[in-house]
Each structure stands twice: as C-alpha cells, then as structure tokens.
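Below is one structure, written out as structure tokens; the observations come after it.
Laboratory data are not the source of any read-out in this text; all were calculated from the coordinates shown. Since the structure is predicted, the reported quantities are computational estimates derived from the model, not experimental observations. As a convention, Cβ positions derive from the backbone with ideal geometry for all residues, glycine included, and neighbour counts pool all protein chains shown.
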Amino acid sequence: MPLAEAARQEGYSHILRIAEEWSSGINRFERRGESLLGAHDQGLLIAVGGMTLEPSRGDWLRMRRFYVSRQYRGGGIGRRLAEYLLEHARSFTPVVTVHAGSDDATSFWQAMGFLPLTGETYTHTLRLT
C-alpha cells in the first residue's frame with residue numbers, strides 16, 4: 001500500500017500534501033536549510049521526514065511531514081531520519097521546531113530532545129547550539 005494511503009487510513013493527510021505541494025511548486029524543500037528524506041525497503045517508500053523554514057521565525061527550521069509506516073515503527077527509522085535532518089540543520093539554524101500532532105508524536109519528539117514550548121505554529125523546540 002502506498003505511504004500516502006496508509007497515512008490517510010490512520011487519519012493523516014500530510015503525506016498526500018507533500019506530493020500535492022511538490023507537484024504545484026508550493027513546497028519543494030529547496031529553500032535555505034530545507035530537506036526532504038525518504039526511507040525505502042525493497043523499493044517501497046516506508047517513511048518520510050522533512051525540514052522547512054519555521055513560518056513564525058525565518059531564522060529557525062521546522063521538522064515536518066514525518067511519517068513511518070505502522071509496520072516499521074519502533075525499528076529506529078524515524079529516529080535515523082530525524083537525526084540526519086538535525087545534523088543537516090546545524091549548519092543553518094540554532095533552533096528547530098516541531099508541531100507534535102499526537103501523543104505518540106509528542107513522546108517521539110521529546111525522546112529526541114525537543115522541549116515543550118508553545119509558539120505560534122509549534123509545540124516543541126530543540127536548541128542545536
């Protein structure tokens with residue numbers, strides 16, 4: 001089952017938005033510091049994670065569009081995607097934000113070192129310096 005459909009069945013529409021925004025040119029993850037990663041297993045896309053500019057702070061970056069297929073959760077794929085993106089971000093920003101949309105996401109981001117800090121468009125921040 002394609003990743004976007006699996007996410008949709010769990011109530012998440014953000015994976016489909018990646019394809020729509022990419023196709024329309026709204027977001028191609030190509031601005032300063034931005035990146036989009038995917039993880040594959042035998043040619044099948046099983047996880048994605050991205051980094052974009054933080055809408056409320058132009059000097060910060062934001063983790064977004066994270067999703068790992070249910071059957072691959074708990075195996076460290078999400079952590080590896082996040083670690084790679086955070087290492088990439090160190091060259092561009094002192095702070096990374098994330099909007100944790102669920103209890104599971106909150107637990108994941110806090111385990112990654114993000115601290116709760118409510119802002120305009122985010123729920124957690126991580127200082128990289």
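Descriptive notes on the structure:
- Given +1 at the Cβ of Lys and Arg, -1 at the Cβ of Asp and Glu and no other charges, the dipole of the chain around its Cα centre is 180 debye to the nearest 20.
- The region of the chain that goes longest without hitting one of the GluC sites (Glu not before Pro) in a DSSP loop, each with at most 13 other Cβ atoms within 10 Å, is 31-119.
- Cα convex hull volume per residue for segment 29-127 (Å³): 92
- On full extension, the segment bounded by Asp41 and Gln9 gains 9.5 nm, given 0.36 nm per residue less the C-alpha separation.
- The residues packed around Ile15, meaning those with a beta-carbon under 12 Å from its beta-carbon, carry a net charge of 0 if Lys and Arg are +1 and Asp and Glu are -1.
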